[in-house]
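Some notes on the structure that comes next.
Every number in this text was worked out from the coordinates using simple rules, so none of it is lab data. Just so it is clear, the structure is predicted and the values come from calculations on it, not from any experiment. Please note: Cβ atoms are built from the backbone with ideal geometry, for glycine as well, and neighbour counts cover all protein chains shown.
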Amino acid sequence: MRELRIEAVGAQGDGLAQGAFIPLTLPGERVTAQMSGSRGELIDVLEASADRVTPPCPHFGVCGGCALQHWAIEPYLDWKREQIRIQLGREGLETEILPTFASPPASRRRMALHARGGKGGVKLGFKERRSWNLAQIEVCPVSNPRLVAAFPALTRLAGPFMEHPKSAPTLHVTLTATGLDIDITGVEAKSGGLSADARVRAAMIAGEADFARVTLAGEMIYMARQPMVKLGPAVVALPAGSFLQAVPQAERAMVEFAVEAARGASRIVDLYSGVGTFTFRLAEIGAVHAADSSAPAIAALRGAVGTATGLKAITAEARDLTRRPVLSSELKKVDVAVIDPPRAGALEQSVEIGLSKVARVVSVSCNPLTFARDAKVLIDAGFRLERVLPVDQFLWSPHIELVGVFSR
């Protein structure tokens, strides 16, 4: 056990002291920690930071879902903003970085819950910090109360999916306008998959709980109502297991930022569009062509076009934008490109945009590192990074999202 003074907070929210990483600490604190190589476990806080606050969740410190509940909100949000500045600086880039948009507590509409069996019956929760063990949870201050209220029913639902001893189900739960949509993965399939009896029991539990839909890796188990979500002026029927932004308020902030940047455009491309998070609001400005690798997402987007009035033309295609990016020759008449890639970024697509005559790019990212890499490609091609909006979508986590606006 060693006494250490914390000098900074690292990219994962760990305190840094003398080259060591110590979770659950803050800059300026003096602590004792049990060290194992370069990592340590906090034993005691001898001299607390003025920014240390009481975590709002009783599971904090054990549950691995949140890492930074002990940090006051203002320095926490400033830290996220600073991480973006650091990543841009590594590529030699500077720009205006706006104040971080903060998602409120009790706003998460999507979560992944792990289920485990044992002598005490089925347990449901998140993985423990730095462990594969399960932290059973009864409350979750980041999640919508309707999700939290469903924990007992979701625990019962997990039971039939654990008939095989090797199954370790994960319940991907999304709160939609028509109820809870649950897609379950992690069920042993090599032995024949879920039995007919287990499917019937799962459907009965889902019906008793009034869930909208339950699927097993996309395969229908039960559906009372089609899960629906409103995206701008359109109403979209969600495909099973479909991606949706985790927090509606964060989604709204990013969409409004993108729409404002796209004003005046007559032709827009929405790349990595998903089910149309940005598409329908952009179509209030100009004609939009959407592309995404998920054929079900594109089908849902197309199906939702008729639910909204007063929009410009929307076209859509299923296309792997990594292997087959939209070429510069296909972007000839496009004014604005909106791009929202996965964590790996969109290097190939950024190169093609750089070769095109597109006047403005709105880049949405969940990874400041790949955002900075792709931004450098655009800037080397003649763009200027005008401003960046940091978005704290995953409250009390080190995860950072952002939206950047580029112009020629």
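A few notes on this one:
- Placing unit charges on the Cβ atoms only, positive for Lys and Arg and negative for Asp and Glu, gives the range 77-124 a dipole magnitude near 680 debye about its Cα centre.
- Global form of the range 357-401, assessed from the alpha-carbon gyration tensor, a/c cut-off 1.5: prolate
- Under-5 Å amide H pairs with E386, H placed in peptide plane, nonlocal only: V405, F406, S407
- For the range 318-352, backbone nitrogen atoms closer than 18 Å to the point 7 Å from A295 Cα along Cα-to-C-beta are found at 318-324.
- Sorted from longest to shortest, the spans of the Cα atoms of the chain along the three principal axes equal 62, 57, 35 Å.
- Couplings for the range 393-408, taken from phi via the Karplus curve 6.51 cos²θ - 1.76 cosθ + 1.60 with θ = phi - 60°, read 6, 9, 3, 6, 10, x, 5, 10, 10, 7, 10, x, 10, 10, 9, 5 Hz in order; Gly and Pro are left as x.
- Taking a ≥ b ≥ c as the square roots of the eigenvalues of the alpha-carbon gyration tensor, the range 2-52 is classed oblate because a/c is 1.5 or more while a/b is no larger than b/c.
- At most 14 other Cβ within 10 Å, DSSP loop - GluC sites (Glu not before Pro), the range 323-408: none
- Antiparallel beta bridges, as assigned by DSSP with both residues in the chain, represent about 65 percent of the total such bridges.
- Note on the range 333-408: antiparallel DSSP beta bridges, both residues inside, total approximately 75 percent of the bridges counted.
- Size of charge dipole - the range 28-71 - debye, nearest 20, with Cβ of Lys, Arg +1 and Asp, Glu -1, no other charges: 100
- For the range 349-405 versus the range 189-205, the gap between their alpha-carbon centres in whole angstrom: 44
- Gained length - V200 relative to L46, 0.36 nm times residue gap less alpha-carbon distance: 49.9 nm
- Dipole orientation for the range 110-228: of the candidates A212, Q136, T170, Q136 has the Cα lying most toward the positive pole (charges on Cβ; Lys, Arg +1; Asp, Glu -1).
- Selected from H59, P75, G40, residue furthest toward positive end of dipole (the range 34-133; charges at beta carbon): H59
- Rel. contact order, % - alpha carbon contacts under 8 angstrom, at least six apart, the chain: 13
- Stretching the chain fully between Q249 and S407 yields a gain of 54.2 nm (0.36 nm per residue, less the alpha carbon separation).
- Computed FRET value (nearest 0.05) for E260 with E348, which takes r as the C-beta separation and R₀ as 22 Å: 0.20
- Shape of the range 110-228, Cα gyration tensor, a/c cut at 1.5: oblate
- The listed peptides 271-284, 219-232, ordered by packing as a protection proxy, come out as 271-284, 219-232 (highest mean of other Cβ atoms within 10 Å first).
- Within the same chain, lysines fewer than 8 places from K190 are excluded, and of the rest, those with a Cα less than 26 Å from its Cα are K119, K123, K127, K166.
- Of all aspartates and glutamates in the structure, those lying under 12 Å Cα to Cα from K80, and not within fewer than 8 positions of it along the same chain, are D392, E401.
- Taking the Cα centre of the range 2-52 as origin and assigning +1 to Lys and Arg Cβ atoms and -1 to Asp and Glu Cβ atoms, the resulting dipole is close to 100 debye.
- Placing dummy labels 7 Å off each Cα toward the beta-carbon, the span from E138 to Q34 is 2.7 nm.
- Summarising the amide proton neighbourhood of T178: residues at separation of 5 or more, or on other chains, whose placed amide H is nearer than 5 Å comprise M228.
- In this structure the amide hydrogen of T215, modeled in the peptide plane, comes within under 5 Å of the amide hydrogens of I182, D183, I184, I221, none closer than 5 places in sequence on its chain.
- Each helix, a run of at least 4 DSSP H residues, gives -39500 (n - 2.57); summed and divided by the residues of the chain, these come to -7000 deg cm²/dmol at 222 nm.
- Partner aspartates and glutamates whose Cα lies under 12 Å from the Cα of K332, excluding those fewer than 8 positions away in the same chain, are identified as E352.
- For the range 310-348 and the range 70-104, distance of Cα centres in Å: 27
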